[in-house]
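The values are calculated or read from the model by the stated rules, or taken from the named source; none is laboratory data. Not measured: the values here are computed from a predicted model. Positions of Cβ are generated from backbone atoms using ideal geometry, with glycine treated the same way; all protein chains shown enter the neighbour counts. SASA here: full protein model, heavy atoms, side chains in, ligands and nucleic acids out. Shrake-Rupley method; radii C 1.70, N 1.55, O 1.52, S 1.80 Å.
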Amino acid sequence: MWTSKNRPSYNRDMLRYPSDLTDTEWEQIEPLIPPAKRGGGKRRVNMREVVNGVMYVLSTGCQWRYIPKDLPPRSTVNSYFCLWSYCGALEEIHHALYLKCRELDEREASPTACIIDSQSVKSAEKGGPRIDPHGFDAGKLIKGKKRHILVDTLGLLLHSLVTSADVQDRDGGIMVLSTLFGQFPFLKKLFADSGYAGPVFHDSLANIMPNLAPEIVRRSDRAKGFVVLPKRWIVERTIGWLNRCRRLAKDWENLNHSALAFLRLASIRLMLRKLCNPS
C-alpha cells in the first residue's frame, strides 16, 4: 500500500524502462533461472536482459517484434519465454516466490483457505488452424477467453487456468482444483460466488478434494451498486492487480498455454514488488 513514507521506494524513474528489474528484484529471481544445458557452449546471452525483455512485453502489451533494440533480439526473448513456460520453469519460479511471500507475512507455507473466481476477457482479432478457439460468455456478453483464478487470503495466486469463455465457472473451477495435484495439502475452506453453487460443483469437489469445504458468498438482492463482499473482494482485488499488466488487458495469445504463462508472469511481477517493497 502506498503511503507518503514508502512512496519513494516504488519510484522506478531511475531505471531504463519501468518494467526492468531492480537489483533487489534480480537478486530474488537470479537463483531461480534454469541453468544452460550441459554439453553445449557457454551461455552468452545476458539472462537479466532476457527477463527484462519478457517483462517489457508483459507490462506494455506490445508485439514481440516491437521489443526495443537495446534489449535482446525478439527471437531470443520469445524462445526463452516459450522454453520456460513449457519446461515448468515459470511454475517453479512462481512457487518459490510464493513461499517467500508467505514467509514475509509470517504465514504457513501451505494456506488453509482459498477463494476462486473467473474473469472473461475479449479476444483480439485472430484466426487460423493453430489457435485455441475462443467462446462466448452469455452472462457477460464477451467473446473471448476466461481466466479461472484461485488465490489465498493474502490475494496471492495459487493456481489458474485459461479456457474459452463459454466454459461455465463451476466446470472451470473443478478443472482448477483437480490440477492442483496436492500442491497445497492443508486447504480446508473454499470461498466462491453464486456461479459455483449447485450440486454439480459440490459433488465434483467432494470427489476430488473431500476435505475442502465450499462456502458460497452471495450478493444481497437489496444491494445496489458496488458492494464489498466478505472474502470475495480478495480475488477481485487480485484480478485488478494482474490487469495492471497491459498484455492481460485483452486476449492476444493464440494458445491458452501462452496466455497462462503471461498470467503467471504477472503474478511473479506482483510478488517481486511485494518482496522488494515490504513496507
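Tabulated data for the structure shown
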{"quantity": "Region 175-214: number of residues that are open to solvent by less than 40 Å² (accessible area, probe 1.4 Å) and either aliphatic (A, V, I, L, M) or part of a loop (DSSP other than H, G, I, E, B) (or both)", "calculated": "13"}
{"quantity": "Hits in region 41-92 (condition: among the polar types (S, T, N, Q), within 19 Å of residue 21 (Cα to Cα) and under 22 Å from the mean Cα position of the chain (by Cα))", "calculated": "52, 59, 60, 78"}
{"quantity": "Test: residue in region 248-266 that is closer than 13 Å to residue 117 by Cα, open to solvent by 70 Å² or more (accessible area, probe 1.4 Å) and out of contact with any Asp or Glu (no Cβ under 9 Å at 6 or more places or on another chain)", "calculated": "no"}
{"quantity": "Residue that is farthest from residue 97 (Cα to Cα), among those in region 24-38 that are at pLDDT below 95 and open to solvent by 90 Å² or more (accessible area, probe 1.4 Å)", "calculated": "38"}
{"quantity": "Selected residue [within 19 Å of residue 251 (Cα to Cα) and out of contact with any helix residue (DSSP H, G or I) (no Cβ under 9 Å at 6 or more places or on another chain)] from 132, 166", "calculated": "166"}
{"quantity": "Strands (runs of 3 or more DSSP E) fully within region 108-174 counting 3 or more residues that are at pLDDT below 95, touching a Leu at 6+ places or on another chain (Cβ under 9 Å) and open to solvent by 30 Å² or more (accessible area, probe 1.4 Å)", "calculated": "none"}
{"quantity": "Close pairs (6 angstrom Cβ cut-off, 6 or more residues apart or separate chains): more than 21 Å from residue 60 (Cα to Cα) in region 1-24, open to solvent by less than 70 Å² (accessible area, probe 1.4 Å) anywhere", "calculated": "9/277; 24/276"}
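So that you can scan it fast, the table gives a plain yes or no per residue for (1) in contact with a helix residue (DSSP H, G or I) (Cβ under 6 Å, 6 or more places away or on another chain); (2) within 21 Å of residue 274 (Cα to Cα):
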position: 77; (1), (2): yes, no
position: 83; (1), (2): no, no
position: 103; (1), (2): no, yes
position: 118; (1), (2): yes, no
position: 125; (1), (2): no, no
position: 128; (1), (2): no, no
position: 138; (1), (2): no, no
position: 153; (1), (2): no, yes
